[in-house]
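The values are calculated or read from the model by the stated rules, or taken from the named source; none is laboratory data. Just so you know, these numbers come straight off a predicted model, no measurement behind them. When we count neighbours, we look across all protein chains shown, and the Cβ atoms used for this are built from the backbone with ideal geometry, even at glycine.
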């Protein structure tokens with residue numbers, strides 16, 4: 001009985017702390033409002049801390065300012081019931097990021113203060129936002145191998161020689177899709193360690209050559225492919241939809257099964273054999289990207305002309321590969337993409353993808369074989385070959401797939417390609433940044449990709 005009582009007391013205390021923390025809010029006004037500036041201009045943020053909807057005095061705040069992921073200033077501010085101002089200026093193109101943490105009288109972080117659209121791994125922040133300086137001048141220093149096109153043509157040829165056999169198994173759907181949508185767990189033979197796996201869905205009674213096709217590429221999550229994404233797209237967009245896993249593991253298992261498999265599947269944090277572009281542990285993912293497209297185009301329901309791809313984070317680099325190498329794609333919606341600009345250090349920025357953390361940047365600098373291998377898989381080099389309508393988005397609070405790298409990729413897309421960028425100063429990763437221009441381009445049934453976990 002005592003244990004139960006203590007548990008209730010602990011739970012009650014936690015709920016009380018959370019309730020108190022959630023009573024905080026932060027009003028932020030940016031100048032300029034879109035936080036997009038030219039070099040030499042000054043970015044300003046007016047910040048007012050509130051509690052219970054009213055300005056508050058005496059609260060300790062730690063304000064951290066970063067430039068291209070590196071902390072350039074950290075200061076303590078005590079609220080006085082009035083707005084205080086944060087400023088930053090740069091004479092070179094790049095990305096500025098600011099976050100604010102509240103602390104109690106003992107210097108401990110007050111968790112999850114306020115309300116708002118915070119990222120899943122940042123519940124300790126009171127608020128975060130960012131700005132970009134001269135984004136049109138964020139140009140990647142080329143790392144493109146001379147044989148880039150020949151390399152991928154050869155890989156495409158290898159894939160074409162691999163027989164494409166699909167196994168479809170009917171699966172149950174949510175009540176709202178019953179009697180409206182046919183849905184199947186699908187497994188498609190492919191080169192590499194795993195087949196294409198995911199879910200195929202289309203409206204019941206769909207006639208041959210009557211539907212647009214949509215392929216969704218999953219972000220780096222250890223879980224099943226999102227079945228409901230395929231069903232929702234099929235129903236609301238009246239499309240034949242394929243929601244593909246990034247890992248190619250069997251469908252239908254609980255999350256714990258995928259987490260365990262990940263320990264065997266994703267070696268060295270995705271860096272295993274990185275010095276060899278053909279043996280790199282993540283290279284076969286790109287085979288699955290292309291094979292998913294090969295398969296959807298065999299579906300009798302496809303109208304033969306409208307082919308849309310979507311993906312965020314890791315799904316974003318998958319989508320970049322798809323849009324570059326498959327000219328049947330008509331629209332590519334690429335959200336907060338990973339693996340853009342592996343050569344960012346040459347421009348004074350930080351690389352993305354599996355080499356963004358820890359020893360990753362150092363490995364790229366000190367091992368030319370790894371740098372060249374990653375160049376064959378760099379979003380910037382794929383971007384230069386995209387000709388379909390392309391919609392990209394980034395949030396200036398994204399510390400996973402950096403806005404400056406996303407812009408360097410976006411700027412690499414040819415000027416002759418219809419391309420659009422959506423930005424938000426306050427959002428980042430984990431499904432918080434919306435691809436607003438992509439949403440407008442498509443019917444209201446097409447939902448933006450949600451990134452659930454930390455990407456690589």
- [ ] Among the residues of the range 409-445, count how many are part of a strand (DSSP E or B) and under 15 Å from the mean Cα position of the chain (by Cα).
- [x] 4
TODO: Give the range 333-348 a look and list any residue that's buried (at least 24 other Cβ atoms within 10 Å of the Cβ) and more than 21 Å from residue 151 (Cβ to Cβ), or say none.
DONE: 333, 334, 335, 336, 344
Open item on the list: With the requirement that a residue be closer than 17 Å to residue 289 by Cβ and either outside any loop (DSSP other than H, G, I, E, B) or without any contact (Cβ under 8 Å) to a residue 24 or more places away in the chain (or both), what does the range 158-206 give you?
Closed with: 158, 159, 160, 166, 186, 187, 188, 196, 197, 198, 199, 200
- [ ] Just need a number here: residues in the range 365-408 that are farther than 21 Å from residue 94 by Cα and in a helix (DSSP H, G or I).
- [x] 10
Open item on the list: Any residue at all in the range 81-98 that's modelled with pLDDT of 95 or more, touching a helix residue (DSSP H, G or I) at 6+ places or on another chain (Cβ under 7 Å) and assigned to a strand (DSSP E or B)?
Closed with: yes
Task: Test result for residue 138, within 24 Å of the chain's Cα centre (by Cα) and under 30 Å from residue 384 (Cα atoms) - done: yes
TODO: Kindly check whether there is at least one residue in the range 61-75 that is assigned to a strand (DSSP E or B) and touching a helix residue (DSSP H, G or I) at 6+ places or on another chain (Cβ under 9 Å).
DONE: no
